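The values are calculated or read from the model by the stated rules, or taken from the named source; none is laboratory data. From a predicted model like this one, the values you see are computed outputs, not experimental measurements. Virtual Cβ from ideal backbone geometry, glycine too; neighbours counted across all protein chains shown. Just so you know, the surface numbers come from the protein's heavy atoms only, side chains and all, with ligands and any DNA or RNA stripped out. Shrake-Rupley method; radii C 1.70, N 1.55, O 1.52, S 1.80 Å.
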Amino acid sequence: LDFGFKSQNVTLLKDINLTIKKGSFIGVFGEVGSGKSNLIHAIMNNYDIVGTKTHSSNRIKIAGNIAYVPQNPWIINDTLRNNILFFKEMDEERYKEIISLCELEEDIKCLNGGDMAELGEKGLNLSGGQKARIALARALYSNADIYLLDDPLSAVDAFVGNKLFTKVMKKYLN
């Protein structure tokens, strides 16, 4: 299949044929600009299927709900806790586990107000690594069936990145 924008007659990805079996852990590697992020957006049905008349549907079939961590994570103007819970009910045990998995314990200890510290425009400004770890924690807390992580470790240092990869990707999401 080809993906892009029908309304603009633009094709972003060509000849994509992908089936991912339940329980799979896959990584997509490639050079900058090679289409890795576009592939994620195609999987999330953010693009149109273009250039084909044989496909009966204009949507990708996904078996489950998706949690997405973008390359450039976003923070809502709210508390750190609410940035992770993201309108889900608080489960104290699960929340603490995810804080630990995402290496956020020390950050929370250093914040005036702990996890109730206000973030965003009216609150604290965070480093790129802190935003990335909060976005990852939000995805994990959502308890999704499918996790699409778009270069989630690029903003963290090598030591933290290694810990996150081992604890989250290899163990927790396994």
So residue 32 and residue 45, fully extended at 0.36 nm per residue minus their Cα-Cα distance, gain in nm 2.5 nm
Unit charges at the beta carbon, dipole of the chain: most positive-side option, 129, 50, 158 = 50
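Provide the gained length on full extension for the span residue 174 to residue 17, in nm with one decimal, where the gain is 0.36 nm per separating residue minus the Cα-Cα distance.
Working: separation 157, 0.36 × 157 = 56.52 nm, distance 2.43 nm.
Length gained between residue 174 and residue 17: 54.1 nm.
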Non-local residues with an amide H under 5 Å from the amide H of residue 118, with H modelled 1.01 Å from N and Pro and chain starts lacking one, are 124
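Might you tell me the accessible area per residue for the chain, computed with a 1.4 Å probe and given in Å²? Walk me through the intermediate numbers first.
Details: 11180 Å² over 174 residues.
In whole numbers, the chain has 64 Å² accessible per residue.
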Restricting to Cα pairs under 8 Å and 6 or more apart, the percent relative contact order of segment 87-153 works out to 36
Mind checking which lysines have their Cα closer than 28 Å to the Cα of residue 171? Skip sequence neighbours fewer than 8 apart in that chain.
-> 21, 22, 36, 61, 88, 96, 109, 131, 163
Say each of residue 92 and residue 116 gets a label point 7 Å from the Cα, pointing the same way as Cα to Cβ; how far apart are those two points in nm?
-> 1.4
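Please list the helices of the chain that count as membrane-span-like by this rule: a mean Kyte-Doolittle hydropathy of at least 0.0 together with Cα atoms stretching 18 Å or more along the helix axis, each helix being a complete DSSP H run. The partial results should precede the final answer.
Details: long enough: 128-141 (20 Å, 0.06).
Helices passing the filter in the chain: 128-141.
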Straight distance only, please: which aspartates and glutamates reach the Cα of residue 6 with their own Cα at less than 15 Å, same-chain residues fewer than 8 apart left out?
-> 48
5 Å binning of all Cα-Cα separations within segment 1-118, expressed as whole percents from 0 upward = 2, 8, 14, 17, 13, 12, 11, 10, 7, 4, 1, 0
Just name one of 148, 82, 5: the one whose Cα is farthest towards the positive end of the charge dipole of the chain (beta-carbon charges, Lys/Arg +1, Asp/Glu -1).
-> 5
At a 1.4 Å probe, what is the % contribution of carbon and sulfur to the accessible area of the chain?
-> 48
Per-residue HN-Hα couplings for segment 74-91 [Karplus 6.51, -1.76, 1.60; θ = phi - 60°; Hz; x = Gly/Pro] | 10, 10, 8, 6, 6, 6, 4, 4, 5, 5, 8, 5, 6, 6, 9, 5, 6, 10
